[in-house]
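Q: Dropping the structure in here first, questions after.
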Amino acid sequence: MPQNPFTSLSGRSSMSRRLFLTTTGALSLGAALTACGGDSGGSPVSAKPVSQADIDKAMKTPTELTFWTWVPNIDKEVALFEKRYPAIKVKVVNAGQGTPQYTKLRTALKAGSGAPDMVQIEYQAIPTFTITDSLLDLRPYGASALKSTFVDWTWGQVTGGHGEVWAIPQDTGPMGMLYRQDIFDAHGIDVPTTWDEFAAAARKLHKADPDVYLTNLAANQVAAWHGLLWQAGAKPYATSGRSDIAISVDDAVSKKLGAYWGGLAKEGVIGVEPDFTDSWYAALNRGKYATWITAAWGPVFLSGSAKATAGKWRAAPLPQWDAAKPSSGNWGGSTTAVIRGTKNPVAAALFAQFLNSDPASAKMFATEQFFFPATKALLTDASFVSDAPAFYGGQKVNQVFADISATVNSSFQWPPFLDQAATDWTETVGKSLAGKGDTVAALGTWQSRLTTYAKGQGFTVKGS
């Protein structure tokens, strides 16, 4: 997937929040269970709380930490930490974005040397590294006290089944809908609030103008599919312990989505072209698509990628399956985790917490890198939610997505082999959308392939 930077409302660039498709490399269960001895070389850290005296001592001891991150200009946030703790110096290293970084990290963990102290990690990649015992449980260093700082569902993404805190949330991508107000007005289309209304609007619009589609569901974008599953209340993956996993990518909820989107694709009333390509960008600029089902990072991205349409777009929540129970999913966002083998666990853990919970640092992510916040304080900050960009006709877009964030389900889980799930989806479900085939049947093939893969990696697959 191309690594295209976002362009902010003010013209500055920010990193992409859509890194989802190829997130983590496959790892067999056998390798996973032995890899924990091959972390970065430190001694296992006790799970009991570290005393304040030990924390104070560590933070006053001259120390250099290494932080792997792809976030642009993060030195500004790091400087805030170093100002608070002058004895601690942080070496920032860009080891790649998403998959390239994870590949290097696994290599370093296996070798037992070369791993960083702290690492940028996306929510969906966390299980890949917790199953190998590669991440430090941050509870002994006071992380549990931060629970109320962050949006509830984000905390659910970084905590384990026994209460472990594996990372600290940094940014998010609650899903919503960006739409062309001018196209809606020209065709008498109201903003759809249910998926039934959305389907009716798709048919009406394309019939009136065969060159225009209500939306594009990219056949290469498993991220959007997972987000839509999330919104619908699906539980495609559920792990318990190290080796048990339930895979349900073709359950009733999934089949409902398959019939819905596969049906619209087969009718030819939605687009299915790959996203983040030259032709897709051109389509957005010329008005081929009247909506974009996207995430909270989408408004900033679109304002830089579809400049010819400035002033014509607005934002709204996703249409609902049950209008009485507003719900959304998430697409994107990442965290700061600490490698379990760090020789400086106290300083590293305090860094991860400070970077993402300190009010000044968190606000800088929202205003410098244009990340969508994970902290409750920022999502109610007047200066943030009242922003009314001209690209969206003066609409308070941040407020729209802040409200959506409160509706994201907190129980969604990821598998420890997401890369395989993504590959298999593209070759089954994605292929059915692109070819206008039987998407429901493709879900069954996806289920079968994933089940076979998981068993081959040593997992016990429940219900299979």
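Q: For the chain, give the share of DSSP beta bridges that are antiparallel, in percent and rounded to the nearest 5; count only bridges with both residues there.
A: Looking only at bridges with both residues in the chain, the antiparallel portion is about 65 percent.
Q: Taking the Cα centre of the chain as the origin, how large is its charge dipole in debye, to the nearest 20, when only Lys and Arg (+1) and Asp and Glu (-1) carry charge on their Cβ atoms?
A: Using Cβ point charges on Lys, Arg, Asp and Glu, the chain gives about 380 debye.
Q: Have a look at Gln231, Asn344, Leu264 and report the one farthest towards the positive end of the charge dipole of the chain, computed about the Cα centre with Cβ charges (Lys/Arg +1, Asp/Glu -1).
A: Going by the charge dipole, the pick is Asn344.
Q: Quick one: grab the alpha carbon gyration tensor of the stretch 308-464, order the square roots of its eigenvalues as a ≥ b ≥ c, and give me rounded if a/c is under 1.5, else prolate or oblate depending on whether a/b is larger than b/c.
A: Here the stretch 308-464 falls in the oblate category.
Q: Indicate the gyration tensor shape class of the chain (rounded, prolate or oblate), computed on the Cα atoms with a ≥ b ≥ c the square roots of the eigenvalues: a/c under 1.5 is rounded; otherwise a/b larger than b/c is prolate and the rest oblate.
A: oblate
Q: Sorted by mean Cβ packing within 10 Å, highest first, what order do the peptides 438-447, 235-244 take?
A: Going from most to least packed, we get 438-447, 235-244.
Q: If you don't mind, another one. For the stretch 48-174, what is the accessible area per residue in Å², given a 1.4 Å probe and the full set of protein chains?
A: 41 Å²
Q: Straight-line reach from Lys57: which lysines have Cα under 16 Å away, leaving out those fewer than 8 places along the same chain?
A: Lys89, Lys343
Q: Cα centroid distance between the stretch 404-427 and the stretch 141-193, in Å?
A: After rounding, the separation between the Cα centres reads 13 Å.
Q: Sequence neighbours fewer than 8 away in the same chain don't count; with that in mind, list the lysines whose C-alpha is under 17 Å from Lys431.
A: Partners within reach: Lys255, Lys266.
Q: In the chain, with Lys and Arg counted as +1 and Asp and Glu as -1 at Cβ, which of these residues, Val408, Ser51, Phe365, has the Cα nearest the positive end of the dipole, that is, farthest along it?
A: Of the candidates, Ser51 comes out farthest on the positive side.
Q: With each run of n ≥ 4 DSSP H residues scored as -39500 (n - 2.57), what mean residue ellipticity at 222 nm is computed for the chain after dividing by its residue count and rounding to the nearest 500 deg cm²/dmol?
A: Dividing the helical sum by the residues of the chain leaves -11500 deg cm²/dmol.
Q: Relative to a virtual label point 7 Å from the Cα of His187 in the Cα→beta-carbon direction, which members of the stretch 315-334 show backbone nitrogen distances below 19 Å?
A: Of the residues in the stretch 315-334, 315-320 have backbone N under 19 Å from the label point off His187.
Q: Something else now. Over the chain, what percent of the accessible surface lies on carbon and sulfur atoms, probe 1.4 Å?
A: On the chain, the fraction of accessible area on carbon and sulfur atoms equals 53 percent.
Q: Further question on the same structure: Give me the 1.4 Å probe accessible area per residue for the stretch 221-319, excluding ligands and nucleic acids, in Å².
A: 29 Å²
Q: Which aspartates and glutamates, on any chain, are close to Lys312 with Cα under 12 Å apart, when same-chain ones fewer than 8 places away are left out?
A: Cross-link targets: Asp182, Asp185.
Q: Taking θ = phi - 60°, what integer Hz values does the Karplus form 6.51 cos²θ - 1.76 cosθ + 1.60 yield along the stretch 339-352, in sequence order, with x for Gly and Pro?
A: 6, 4, x, 4, 7, 10, x, 5, 4, 5, 5, 5, 5, 4
Q: If the only charges are +1 at each Lys and Arg Cβ and -1 at each Asp and Glu Cβ, what is the size of the charge dipole of the stretch 387-464 around the Cα centre, to the nearest 20 debye?
A: Charge dipole, the stretch 387-464, about its Cα centre: 220 debye, nearest 20.
The values are calculated or read from the model by the stated rules, or taken from the named source; none is laboratory data. Bear in mind the structure is a predicted one, so any value in this text is a computation, not a measurement. All Cβ positions, glycine included, derive from the backbone under ideal geometry; neighbour counts span all protein chains shown. Ligands, DNA and RNA are stripped out before the accessible areas are found, and what is left, the full protein with its side chains, is counted by its heavy atoms. Shrake-Rupley method; radii C 1.70, N 1.55, O 1.52, S 1.80 Å.
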